[in-house]
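Take a look at the structure below.
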């Protein structure tokens, strides 16, 4: 990937005005939609009907992050609801390879997420089945958490493994991404950035998206992993 991508998280938006909030970040690469079931994580958010409504309300492609149990059963339904990318947690998937292939077969990008305590190395062989790998930089469940610096080495290791196999695999980070942390994430190897309160807490969310993208691009331009990328 030549340019970084910014995915505003609607978890930080006004849920009573979701269509307006989606339009407020026109120019974003994706709209990040957090789906939580109050079982896999201790929070309950939105589900398939809201994703269907959002898909009709915006031209920005939807990046659905499923923090739910029984991902094998539910993930394909989010493709049918209009998601262009669906992320399942490896901790919640019984058959991650089969699930990734099913998501792809339905026409969406398949992504796999890892919670902070889940190591990346055991899943190296799954990388060719994926379009994106998500490294959580906070414990999943709630927006507005502080970025976990201890995840930076994990991002670096993930990037090294991607490079080792010569894959065109996007590396996403989610949690505490802001003007003060995005450059470190980009330097470590991330190229897709989920930002919630850093975008929706700004006076002009669209401006915030552009500023974050510029910051990430500057860091990527000098990062050793991206040189000649």
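Which count do you get for residues in segment 30-58 that are in contact with a strand residue (DSSP E or B) (Cβ under 8 Å, 6 or more places away or on another chain), assigned to a loop (DSSP other than H, G, I, E, B) and free of Cβ contacts under 8 Å to residues at least 40 places away in the same chain?
Going through segment 30-58 one residue at a time, the tally reaches 5.
It is to be established whether one or more residues within segment 158-169 are surrounded by 15 or more Cβ atoms within 10 Å (Cβ to Cβ), within 22 Å of residue 10 (Cα to Cα) and touching a helix residue (DSSP H, G or I) at 6+ places or on another chain (Cβ under 8 Å).
No, every residue in segment 158-169 fails to be surrounded by 15 or more Cβ atoms within 10 Å (Cβ to Cβ), within 22 Å of residue 10 (Cα to Cα) and touching a helix residue (DSSP H, G or I) at 6+ places or on another chain (Cβ under 8 Å).
For the list (1) surrounded by fewer than 17 Cβ atoms within 10 Å (Cβ to Cβ); (2) more than 22 Å from residue 86 (Cβ to Cβ); (3) in contact with a helix residue (DSSP H, G or I) (Cβ under 9 Å, 6 or more places away or on another chain), I need the number of the one condition that residue 205 fails.
Just one mismatch for residue 205, condition (1).
Kindly establish whether residue 199 is closer than 16 Å to residue 32 by Cα, under 18 Å from the mean Cα position of the chain (by Cα) and in a helix (DSSP H, G or I).
yes
Which residues, taken from segment 59-98, are closer than 14 Å to residue 131 by Cα, surrounded by fewer than 23 Cβ atoms within 10 Å (Cβ to Cβ) and in contact with a strand residue (DSSP E or B) (Cβ under 7 Å, 6 or more places away or on another chain)?
Across segment 59-98, the qualifying residues are 84, 96.
Looking at segment 99-138, which of the residues that are assigned to a loop (DSSP other than H, G, I, E, B) and in contact (Cβ under 8 Å) with a residue 40 or more places away in the chain is farthest from residue 40 (Cα to Cα)?
Pass one, segment 99-138, residues assigned to a loop (DSSP other than H, G, I, E, B): 106-108, 115-120, 130-131, 137-138.
Applying the additional criterion that residues be in contact (Cβ under 8 Å) with a residue 40 or more places away in the chain yields 120, 131, 137.
Numbers: 120: 19, 131: 23, 137: 17 Å.
Checked segment 99-138; the qualifying residue farthest from residue 40 (Cα to Cα) is 131.
Only one of (1) assigned to a helix (DSSP H, G or I); (2) within 21 Å of residue 192 (Cβ to Cβ) fails for residue 73. Which number is that?
Looking at each condition in turn, residue 73 falls short on (2).
So is residue 196 surrounded by fewer than 24 Cβ atoms within 10 Å (Cβ to Cβ), under 23 Å from residue 88 (Cα atoms) and in contact (Cβ under 8 Å) with a residue 40 or more places away in the chain or not? Steps first, please.
On the way: surrounded by fewer than 24 Cβ atoms within 10 Å (Cβ to Cβ): no; under 23 Å from residue 88 (Cα atoms): yes; in contact (Cβ under 8 Å) with a residue 40 or more places away in the chain: yes.
Here the answer is no, as residue 196 does not meet what is asked.
Out of (1) in contact with a helix residue (DSSP H, G or I) (Cβ under 7 Å, 6 or more places away or on another chain); (2) touching a residue at least 40 places away in the same chain (Cβ under 8 Å); (3) within 23 Å of residue 208 (Cβ to Cβ), the odd one out for residue 22 is which?
(2)
If a residue has to be over 23 Å from residue 23 (Cα atoms) and touching a helix residue (DSSP H, G or I) at 6+ places or on another chain (Cβ under 6 Å) to count, how many in segment 185-200 make the cut?
Selection size over segment 185-200: 5.
Within segment 147-169, is even one residue part of a loop (DSSP other than H, G, I, E, B) and under 14 Å from the mean Cα position of the chain (by Cα)? Break it down into steps so the answer makes sense when it comes.
First, the residues of segment 147-169 that are part of a loop (DSSP other than H, G, I, E, B): 147-148, 165-169.
Those left that are additionally under 14 Å from the mean Cα position of the chain (by Cα): 169.
Yes; the residues of segment 147-169 include at least one that is part of a loop (DSSP other than H, G, I, E, B) and under 14 Å from the mean Cα position of the chain (by Cα).
Every number in this text was worked out from the coordinates using simple rules, so none of it is lab data. What you see is a predicted model, and the numbers here were worked out from it, not measured in a lab. We place every Cβ from the backbone using ideal geometry, glycine too, and count neighbours over all the protein chains shown.
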